[in-house]
Amino acid sequence: MHGTENGRTVAARCVGLVKRYPGVVAVDGLDLEVRRGECFGLLGPNGAGKTTTVEILEGLNTPDDGVVEVLGQRWGTRDDRLLRERIGIQLQETQLADKLTVAETVRLFRSFYRHGRPVDEVIALVSLDEKRSARVGKLSGGQKQRLALACALVSAPELMFLDEPTTGLDPQARRHVWDVVESFRQGGGTVILTTHYMEEAARLCDRLAIVDHGRRIALGTPAELVASLGADQILELHAGGELDPDRLGTLPGVAGVSARNGGWMVRVRDVGAALPAVLGELERAGAPLEQLTTHQATLEDVFVHLTGRGLRDG
Amino acid sequence: MVEPKASRGGALHPLAELTRVRMLEFLREPEAVFWVFVFPVLLALALGIAFRESGATSYRVGVTDPAIADRLAGAAGLTVMTMEPAPALEALGRGRLDIVVEAAPGESPLPQFVFRFDPARPEGRSARLAVDDALQRAYGRKDLVEHRDEPTAERGSRYIDFLIPGLIGLNLMGSGMWGIGFSIVVARTRGLLKRFAATPMRRPHYLVSYALSRLLFLVLEVAAIVGFGWLIFGVAVRGPLLALLAVAIGGGLSFAALGLLVAARSRTIESVSGWMNLIMLPMWLLSGSFFSYERFPEAFWPAIRLLPLTAVNDALRAVFRGEALLGGALPELAVLAVWGLVSFAIAVRRFRWH
Ligand SMILES: Nc1ncnc2c1ncn2[C@@H]1O[C@H](COP(=O)(O)OP(=O)(O)OP(=O)(O)O)[C@@H](O)[C@H]1O
Ligand SMILES: [Mg+2]
């Protein structure tokens, strides 16, 4: 069958996915194809439809329209439990039982699966050995998140879904989570991950889709997406007067320009040529320079370029 | 390393693991342990003391004239207090006196008295007879017959004997419904149910684990109340303990299923509490835990007997009295089975996992 044939190379895919809620289209005709062995990211701001999409892929939510296939199987066609045996899930908002210990929690999840890793091995995998007998309620945010990962890893899944695995964590705790995800990848596992941290997407994902308002607005490797800006430096400036974006955009060394937060975001191919030209243009327009920064182009800039908003502007 | 099929990596069968963590969570919740084990015992103690029958009852008599007190002095079973009329009436109104006796001189050649009491209170009526008898004797009445009292003090007919089975029934209902309803709604609000639904866990296992953990705890709960009643008040179980266990299990499972049903869809603690109260309050009043439902008009009895708590209470009392072993409790067990099975079936189908 077509689906099973695909199942060898494609870990998950959806075509024309639609999910409506009263007053909002959460997912609006989304197409995705996640290959086996890759880490695929869904990058988008709050309310973009990431969780809705992932939960439909996980079989926890039902689409209003579209086709979903995970590991060559569609939800509800054969025994869903067989599919659940093969995937690992970390949900965006699960608070595990406070009164149980780390080991008791992992052991409970282990009991649900016919195959998987020994409890102690999984606890070691997420470096919670020292907290084995600690109550979940007493763990730090980062430790709780690693426990959630342990519960996702305990079945030795082929495909793991991580919905914002590091939101709210400090940088060190975040790196700790990234290490766990990377070691799972090294074992050949496939990961589907959502995030609104572009550093996380750039670090972990082989390919990613940028989503906004339930639609896919860009797709590619992090490098391809950044390259699509046609510039490797970004110049952000605020000036005390009117500027003409058309004139700014055609200055030497400049690839394009867009408005941002009352200022301008100038995509620059060649800083040496662009900087004097931009300053000259300010002078010509009689707009005094208030603030100017430059940085290496990132995924954040791709998002701003595509939407005019920042990933975390809300 | 991935291990061979179905060894479950050091974990037990999912049903056993689910039941195990249920019990651990319960035992680690000190408040829950208090309400389930300590509270019913304290309640039995308080009510047992308040309503204890101290062999010879003494009636509290207020008199407004020391001369009457002199006449009544020495009469058995009367505690006589001399007071002003106004405080005496107030004490009568508050139930601190059973009767007030005033002198009411008039034309009659005999000494005349007024008895003030509340005929609606049994103590008032009995006190009236006792005071009348004592006064008649004090003024020289001669008895025409003689009798000898032989109190039977029958064990099993005191209020505490009625109360202990009722408290067991109440406790089975309360811990079954609150214990299960709250934990499920909390797990739902924390997103834990959704997380479980994302695993291959068989969903009925989750619900059954609640019933199983209740089974283990209810044995302890019932033993605590029965043991307490027996040690402190001498309330004996005359029927076989196995029959007691069977009724307790029937009741416990039935209420566990009802608790699952009430919690099947609620998303908030407030809503589940509302439903719980709506279901439990009528049974607190009607099902004969604190007083017999036979005080309600007879036409209501058949309906009251269909309530699960009534069934548990009636069956427990039959076992305590040692009547007809278990056979006598069959209609009650049937009522419990219907409530339990129907509730469980609906709960499994309507259960909201997220
Ligand atoms: N159960 C629901 N009922 C109604 N609306 C919903 C529901 N779930 C999601 N939505 C709406 O659908 C849209 C997409 O939500 P979703 O949770 O998928 O976003 P997200 O990308 O995961 O956001 P975040 O980064 O904040 O987690 C939002 O507008 C949200 O309000
Ligand atoms: Mg989300």
Under 11 Å from the Cβ of A:Asp163, count the other residues' Cβ atoms, weight Lys and Arg +1, Asp and Glu -1, and hand me the total. -3
Enumerate the lysines that A:Lys131 could reach by cross-link, defined here as Cα to Cα under 21 Å, with residues fewer than 8 away along the same chain left out. A:Lys99, A:Lys144
So which trypsin sites (Lys or Arg not before Pro) in segment A:57-130 pass both tests, a DSSP loop state and at most 12 other Cβ atoms within 10 Å of the Cβ? A:Arg78
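Could you please report the charge total around B:Glu17, scoring K, R as +1 and D, E as -1 over all other residues with beta-carbon less than 13 angstrom from its beta-carbon?
Working: positive: A:Arg107, A:Arg110, B:Arg8, B:Arg20, B:Arg22, B:Arg202; negative: A:Glu104, B:Glu25.
For residues surrounding B:Glu17, the net value is +4.
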Can you run phi through the Karplus equation (6.51, -1.76, 1.60; θ = phi - 60°) for segment A:40-48 and list ³J(HN,Hα) in whole Hz, with x for Gly and Pro? 10, x, 10, 10, x, x, 4, x, 6
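Please go through segment A:90-158 and write out the chymotrypsin sites (Phe, Trp or Tyr not before Pro) that DSSP classes as loop and that have at most 10 other C-beta atoms within 10 Å.
Working: sites: A:Phe109, A:Phe112, A:Tyr113; in loops: A:Phe112, A:Tyr113.
Qualifying residues, ordered by number: none.
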Checking the a/c ratio against 1.5 first, then a/b against b/c, what shape does the Cα gyration tensor give for segment A:161-211? oblate
Below 8 Å, C-alpha to C-alpha, sequence gap of six or more: please give me the relative contact order for chain A in percent. 19 percent
For segment B:277-327, which GluC sites (Glu not before Pro) are in a loop by DSSP, counting at most 14 other Cβ atoms within 10 Å? B:Glu323
Is the shape of segment B:61-134 rounded, prolate or oblate, going by the alpha carbon gyration tensor and its root eigenvalues a ≥ b ≥ c, with a/c under 1.5 for rounded and a/b larger than b/c for prolate? rounded
Restricting things to alpha carbons, tell me how big chain B is in terms of Rg and Dmax, in Å. 28.1, 110
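With 10 angstrom as the radius, rank A:Ile217, B:Ile160 by how many other C-beta atoms surround their C-beta, starting from the fewest.
Working: A:Ile217 15, B:Ile160 20.
The order, fewest Cβ neighbours first, is A:Ile217, B:Ile160.
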If we count other beta carbons within 10 Å of each Cβ, what is the order of A:Thr298, B:Thr19, A:Thr250, fewest first? A:Thr250, A:Thr298, B:Thr19
For A:Leu237, what is the net charge nearby, where nearby means another residue's Cβ is under 15 Å from its Cβ and Lys, Arg count +1, Asp, Glu -1? -3
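Bear in mind these aren't lab numbers, they're just calculated from the coordinates by the rules spelled out. Just so we're clear, the structure is a prediction, and the values are computed from it rather than from any experiment. So basically every Cβ, Gly included, is an ideal-geometry build from the backbone, and we count neighbours across all protein chains shown.
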